[in-house]
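Here the structure comes first, spelled out in structure tokens, and everything after it is commentary.
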Amino acid sequence: MIISASYKTDIPTFYGGWFMNRLQAGYCRMVNPYNKRVYRVALDRDSVDGFFFWTKNIEPFMKYLPQIKAAGYPFIVQYTINGYPRVLEQRVVDTSRSVQTFRKTVEEFGTRVAIWRYDTIVISSETPAEFHLSNFRRLAEALQGATDEVVISFAHLYKKTHRNMNWAAQRFGFSWRDPPADEKRQLATQLAEIAHKFGIQLALCSQPEYVVPGTKEARCVDVVRLAEVAGKAIVAKPRGNRKECGCFCARDIGEYDTCPHGCVYCYAVQNRDLAQRRFRQHDPNSEFLFPPPAGAIEADTQTDLLTQLPLFRTE
């Protein structure tokens, strides 16, 4: 089983202590947000093929990576570095530090371990297409030689994302828009050309309609890359969290509405105050990243975990 930690929240930045406690215990418990069932997820070495860590700042987690590797767990880091204005990413670490820790990660664990994410692409008065071309070039040059892939996506405008973007635009005095498909494809083409100049392949996450020559569909949870890092074969079925997703099957152990980075375009947070409050209430010694809601039902077993409803919520 592949473990995702986590596309619902930034475990490496904010919950590393909890993760290591659960790794030592050999399991964690989590709640399916659809059916409210509580599951026990095995984290022992025999049960786990490897980890995919999703983060915007690996620095607080760096002290744990050698321990994870020494315990025999292969891992991939999906590292988001956007360099956006503070009105869009209020509490994200400065890009110069992110680039430094990205490079430190690959120097210690190999270039196949880390993937750059320039995600999500937001078109606004603060970040027009010209901003992205210049900003992306700057970051691609800074990461040249440290990664061979960059994953992008254009903003998925779910109800809560739309609501949060409108709130931020009114609060901080900017405007934003959802560009037409041809404009997105043109920008993807231009970004792919820039990435290519620095030896980086551009991939699109869950948006095959914007794949253009020079790009490919992303497999963010990629069993082939994980097997290369592990140095042995790993078997997993292609099964993403939504129909457009190219990922292989994985079990995510995160929890929605727990990331206090403050990114207004984030699909995993209803509002920043809620996420900050839940972060403050977090208990690193708990079996759960965050306690289950009232009415949660204990599942009989962890059997068939990977055939439960996908843990991707869009409301």
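Side notes on the structure shown:
- Normalising the average separation of contacting C-alpha pairs (under 8 angstrom, six or more residues apart) by the number of residues puts the relative contact order of the chain at 25 percent.
- Degrees, to the nearest 10: 272-281 long Cα axis against longest axis of the chain: 30
- Of the peptides 177-186, 72-81, 139-148, the ranking by mean beta-carbon count within 10 Å, highest at the top, reads 72-81, 139-148, 177-186.
- Under-5 Å amide H pairs with residue 49, H placed in peptide plane, nonlocal only: 2, 3
- The charge dipole of segment 1-82, taken about its Cα centre with unit charges on the Cβ atoms of Lys, Arg (+1), Asp and Glu (-1) only, comes to about 300 debye.
- Distance histogram in 5 Å bins (all Cα pairs of segment 145-259, percent per bin): 2, 10, 14, 16, 19, 17, 13, 6, 2, 1, 0
- Annotation: aspartates and glutamates with alpha-carbon distance below 20 angstrom to residue 69 (same-chain offsets under eight excluded): 10, 44, 46, 49, 59, 107, 108, 222, 228, 252.
- Entries in 56/104; 36/56; 159/184; 160/216; 56/237 that, when Cα-Cα distance is taken, lie over 23 Å: 36/56; 160/216; 56/237
- Counting only protein heavy atoms and a probe of 1.4 Å, the accessible surface of the chain is 49% carbon and sulfur.
- Taking the DSSP beta bridges with both ends in segment 1-113, the antiparallel portion is around 35 percent.
- Cα centre as origin, Lys/Arg/Asp/Glu Cβ charges: the chain dipole, Debye: 400
- Ranked packing of 40-48, 210-218, most packed first, by mean Cβ within 10 Å: 210-218, 40-48
- Cα centroids of segment 179-197 and segment 46-92: 27 Å apart.
- Cα-based equivalent ellipsoid of the chain: semi-axis lengths in Å, sorted from largest, via gyration tensor: 29, 23, 19
- Each Lys and Arg adds +1 at its Cβ and each Asp and Glu adds -1 at its Cβ; summed about the Cα centre, segment 140-256 shows a dipole of about 520 debye.
The values are calculated or read from the model by the stated rules, or taken from the named source; none is laboratory data. Not measured: the values here are computed from a predicted model. All Cβ positions, even for glycine, are placed from backbone atoms using ideal geometry, and neighbour counts span all protein chains on display. Heavy atoms of the whole protein, side chains included, go into the accessibility calculation; ligands, DNA and RNA do not. Shrake-Rupley method; radii C 1.70, N 1.55, O 1.52, S 1.80 Å.
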